[in-house]
Amino acid sequence: MIHRCFTICLMMSVLIPLAGFSQRADLPVNALAANALMMQTENTVFYTVREYGNDIAELQRRVDASFVDQPRKQVLLEIARQGNLGLAINAEMPVMNESVTLEFANTTVADALHQTLATTPFEAAISRHREILIVNRPLPTRSQTRTQAQQRRTITGNIVDAVTDEPLIGVSILVEGTASGTTTDFDGNYSLVLPEGGQVLVVSYIGYRTQNVEIGDRSEIDIRLEPDVLGLDDLVVVGYGVQQRREVTGSIASVSMEQIREIPSASFENAILGRLAGVQVQEPSGVPGAGPEIRIRGVATVTAGTDPLYVIDGFPFTRNPSLQGRNLRLGGNFTEPAINPMATINQNDIQSIEILKDASAAAIYGSRGSNGVVLVTTNRGLRGGGAPRISYNSFVGVQEVGRRVDLMNAEELIDFVIDARNNNFRQKYPNLPLVNPRTNEGRPNDGNVLIPESFINWDGTDTDWQSEMFQRALTSSHNVSIAGGNSDVGYYISTGVFSQDGIVDRTGFDRYTLMSNVEARVNDKLEVGVTFNPSYAQHQRLPVNNPYFSQPPGVIYSGIVTSPTVSPRNPDGTLNQTNNQAHIGNGMTDASNALAIIEYVDDEIRHIRAFGTMYANYEILPNFVYRAYFGADVNDFKRDFYLARDFRFRTQTTGNPYAQANASRSLNWITEHTFNYSNEVGDHRYNMLAGVTAQREDVSQNMVFAVNFPDDLVRTLNAGQIAGGFSQAEEWSLLSYLSRLNYTFRDKYFTTLTIRADRSSRFGTDNQWGVFPSVSAGWLMSEEGFIRDLPQINYLRLRASIGQTGNFLIPNYGAIGLLGAENYPYGTGVFGGVSPSTISNRQLSWETTTQSGAGIDLGLLEDRVTMTFDYYYAITNDLLLNVNIPSAFGYTTALTNIGEVLNRGYEVALTTRNLVGSFQWSTDFNYSTNHNEVLKLGPEGDPILSPGGAGIRHITMVGQPIGSYYGFVTDGLYLTAEDLANRLPDAFAPNPGLGDFKYKDINGDGVIDSNDRTVTGNYMPDFIFGITNRFSYGGFDASIFFQGVVGGEVLNLTSRHLKNGEGNFNSYAAFNDRWRSPEDPGNGKFPRADRQTGAFGGGNDRPSDFQVEDATYFRIRNITMGYNVPGRFLGSSIASARLYASVNNVYTWTKYLGFNPEVNNWSGASMLTQGEDYGAYPMIRTFTFGINLSL
């Protein structure tokens, strides 16, 4: 408690240089310990100046100063400065602002302090941290107090925490309506001379509820302060300002940085996963430095962006994943994990995170608010004084693959392959006898019925390719910061290094950051501030999220499809590229050696970022402030890719080297000018905001690639033959006007009105302006008499809102007819030129989301139980989509506003304090559900069929979620001859056999054909949840965090090869439970093995719900145990120390066969093709040990 008290006091103190704090050599330590006036608690020791003024060297330093009618706090400040000591005072105490006239001439610090406080009820003390403290003089005994109270009407008492009974130090006690006040001492005691007319004590302390205590005729008043769990007086960051939490009428979620700072992650986005209701954070890839997906209250677009707007210290960021560059050889159906630009923000520099979820909260950001807004505020300096606060936070950890896939071993695969060849032989050659089911005797020269020779004569090789690909890897983080200031200036400076090696060799992420933040009060009217945050990030990449046949091939997928009978290396230790999966033969499909991909691909991205803001606040009139703000964000990307000549792609016998260099740069700047006026008249309080803002971004990119490298000695472009490239430049701009009114009546009725008008260069010239209004209201019912009398309810508030937001995340020139390169024949030659490539649309407009909602905030049983409930209903109109148009127009598609989509759901956030006292246990629980449904699509409502990584497997149609999966629906297996005799005609399986799939006749026409394809699932969950339990006892604490998703599916395209039943690759071990015979039908879920299932009637591998798998999971996300080292073990130079150990991604329970049920190869791309798994980097389990130090 003492440490917390003086942390608060330091916020109102000033920066004084530190010096060594020495104790007189002739003062025995046992004498100190025995002296009653040395105040000691578990963490801090204080020495009163009255007792030790002659014994502590620092108090014998000399002061020379003169003061005439100066506030007492200024005198103390100068004494501390000349004494080279820190100072911690409560600047709001009336006694600190009393004017005094003093003169010190070669006066000791001790005497100067005595003189300064002589006429007050306080005295000075000094801490072992070299800080001058102001405390009450020793109180008289209780009997003496009673006597004095009868004579002078003095009020005394003790103030403690109502939960723990610990004394509270530094509590402010003021007599209502007067300037008289005091604070509690080290033991929580206070004494106050009651002025004439004083009737009520106002008792306040940060983190506790303010109490108004009737004095009556009492002279002793002991007070128990209740912790303010809800933090109703806390300030919440909203767009363009802050509000008290009790006055917020929109839906805003906040997360404590203290809870997530110890999560070993590269970005704050990963750390908030599962902790906020209505905010779904997914980690589709474990690639170091890759970005997670954040979806706030569902998906409200078809082709526009789904990322929320990130606002860092008032600056609206853009993510621009295209700046990292794309490998030109990679097919258009495959994507790479985008690097995360937010990972350049060191989460140790973050002070708070607020997420604006509803339209009333996000409407202030207008056309960019429909996906929600993430507000990030970085750390600030100490606008007060005292010694600078120096912090060191560090962790080191070991990573491993979080979850492996269960694949067949060598013996199981050999049995499976032989089964597939035998079944194919029987069906393909019904008139030939099967001489020996485990050899090729008597079989025709047909690779699809022949057993690979290496399987017949197996040499015992049983390679675990996952063990070959994955390794244990290190991660670490080291951060140093210093915060300080004085009454007029505050500063915060930090530097950090984060390093994460990948669990796949030659992948990793390194980041170096610097942060400086300075704020200063120039005079009574002007305040200025500057933030500068440069960073450098280096990403070492490999092709990891692609299938085995892509160019370059995917590492993970190539490894898991490779037969365990293949050795990864030759006997001489070189990589096996000539006797691997690509050379098994006899119906085995070829793939490259995964270790060779790791060895022979170099891919590095270097990202330099410089982000800065500056502002000036000028008070034109009382309560009327003008704010000028400017920010700029500069990003510079360099990417170098090289595929070595020594690499063999699948069956290649010679290499095909390739190099590519990308460079891109963006400059994003914003300028804002706002006016803010606030006032209070009687029961009415209001705040008005109005302003104008302009933002622009310029982007340039270029790429060059080369081929025909003679060798791998020189890997830069000049060593090969330049074969092509491109260069392009783009820009966008936004001009906006905004206004907001917050009105409060009697501190229990609240209203917020917001409107913003945006003009964007991205939209048609006839439709560039959009207006986005909102209104919200709140009612603090617990302030009404009929609720106040209910002891069980201590807080109850109702909220309601409606508003509009937009989405402008579309191509920069989507409304403009563009020109493309074209070749024209002329005479006997062909000449280059241009031709129109896209059609213009002057009417192209915003996607507009209209969202309404209502919420309840509730506190029960003295805040032992707190809950927030929200319901929302949002409709998005004018969905943007490229639609087909008649080719007679000269174009095939046009970007048009069509369609409408619905998102509705509810959210619950619950906190319970289960046990209080010396052993504490609390629980946080959040639960969210969202229903997504397409309501309209164009004038005719025709569905949209979309190709993803493997043909058309997605559909967007009225009545279903966006981007649903599309295919046939299985109906069990043919298990008996009667089943086969009663089968329906199947256009794709004219001659099925026992053990093959049956398919449903969806349209009921008696035939199985393409018209029976239907929705087979979607990637959107039914609900998500998170549960955190926290425990503390003494200096120990622990937490365990559970997180999960229920509903939603993954389109597991790895099933095309690992679950196709053909035995041409390795396979999921689940296929061991396949149908083998009528006597051994397996579990009824997996069909028979058949090397050519699609050719002779089975069709078991057609697009169907067999490839769609349940993505439900339950995960122990994090376990952390910590210990706060007692102050008596720390010495004089360390203020606090915390040691902790944690495990992240502890364990996941799921039925999904792949690595990660959150996988999404099309993350960040079109919402029409989400939820695919075509081979992805697994999630990572991390064991960390960390330390937090404050000096």
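Bear in mind these aren't lab numbers, they're just calculated from the coordinates by the rules spelled out. Fair warning: this is a prediction, and the values are worked out from it, not measured in the lab. Ideal geometry is used to build each Cβ from the backbone, glycine not excepted, and the neighbour counts take in all protein chains shown.
Tabulated values for the structure
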read-out	value
Among residues of the stretch 405-439, those that are among the hydroxyl-bearing types (Ser, Thr, Tyr) and either in contact (Cβ under 8 Å) with a residue 60 or more places away in the chain or in contact with a Lys or Arg (Cβ under 9 Å, 6 or more places away or on another chain) (or both), counted	1
Subset tally (residues that are surrounded by 20 or more Cβ atoms within 10 Å (Cβ to Cβ) and not in a loop (DSSP other than H, G, I, E, B)) for the stretch 619-651	9
Checklist (1) under 27 Å from Phe1155 (Cα atoms); (2) assigned to a helix (DSSP H, G or I) applied to Phe425, failing item	(1)
Restricting the stretch 238-293 to residues that are among the polar types (S, T, N, Q), part of a loop (DSSP other than H, G, I, E, B) and out of contact with any Pro (no Cβ under 7 Å at 6 or more places or on another chain), the residue that is surrounded by the fewest Cβ atoms within 10 Å (Cβ to Cβ)	Ser256
Residues of the stretch 550-579 that turn out to be in a loop (DSSP other than H, G, I, E, B) and either within 35 Å of the chain's Cα centre (by Cα) or surrounded by fewer than 22 Cβ atoms within 10 Å (Cβ to Cβ) (or both), as a count	16
Among residues of the stretch 588-621, those that are under 30 Å from Glu519 (Cα atoms) and in contact with a Leu (Cβ under 6 Å, 6 or more places away or on another chain), counted	1
Number of the condition not met by Gln851 [criteria: (1) touching a Pro at 6+ places or on another chain (Cβ under 9 Å); (2) under 23 Å from Ala363 (Cα atoms)]	(1)
Flag for Arg1117 being out of contact with any helix residue (DSSP H, G or I) (no Cβ under 8 Å at 6 or more places or on another chain) and of a type in the set (D, E, K, R)	yes
Selection within the stretch 513-527 - free of Cβ contacts under 8 Å to residues at least 40 places away in the same chain and among the hydrophobic types (A, V, I, L, M, F, W, C)	Leu514, Ala520, Val522
Selection count where residues are farther than 21 Å from Ala1176 by Cα, of a type in the set (A, V, I, L, M) and buried (at least 21 other Cβ atoms within 10 Å of the Cβ), scope the stretch 1104-1161	1
Conditions (1) free of Cβ contacts under 8 Å to residues at least 40 places away in the same chain; (2) closer than 23 Å to Ala582 by Cα; (3) small (Gly, Ala, Ser); number of the one not met by Gly442	(2)
Strands (runs of 3 or more DSSP E) wholly inside the stretch 1039-1132 containing at least 2 residues that are under 30 Å from Thr923 (Cβ atoms) and in contact with a Phe, Trp or Tyr (Cβ under 8 Å, 6 or more places away or on another chain)	1113-1124
Options Val544, Val530, Val555: the member that is farther than 17 Å from Phe647 by Cβ and out of contact with any His (no Cβ under 8 Å at 6 or more places or on another chain)	Val530
Residue satisfying condition, being in contact with a strand residue (DSSP E or B) (Cβ under 8 Å, 6 or more places away or on another chain) and either crowded, with 23+ Cβ neighbours inside 10 Å or not in a strand (DSSP E or B) (or both), within set Ala610, Ala596, Ala582, Ala616	Ala596
Residues of the stretch 525-572 that turn out to be farther than 18 Å from Arg506 by Cβ and among the small types (Gly, Ala, Ser), as a count	5
Criterion violated by Arg224 - all others in (1) touching a Leu at 6+ places or on another chain (Cβ under 8 Å); (2) over 30 Å from Trp669 (Cα atoms); (3) assigned to a strand (DSSP E or B) satisfied	(1)
Selection within the stretch 894-917 - over 18 Å from Ser1039 (Cβ atoms) and of a type in the set (S, T, N, Q)	Thr896, Asn897, Asn903
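Conditions (1) of a type in the set (Ser, Thr, Tyr); (2) buried (at least 21 other Cβ atoms within 10 Å of the Cβ); (3) under 30 Å from Arg275 (Cβ atoms); (4) in contact (Cβ under 8 Å) with a residue 60 or more places away in the chain, marked per residue:
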| site | (1), (2), (3), (4) |
| --- | --- |
| Thr929 | yes, no, yes, yes |
| Leu935 | no, no, no, yes |
| Gly951 | no, no, no, yes |
| Val958 | no, no, no, no |
| Ala981 | no, no, no, no |
| Gly995 | no, yes, no, yes |
| Gly1006 | no, no, no, no |
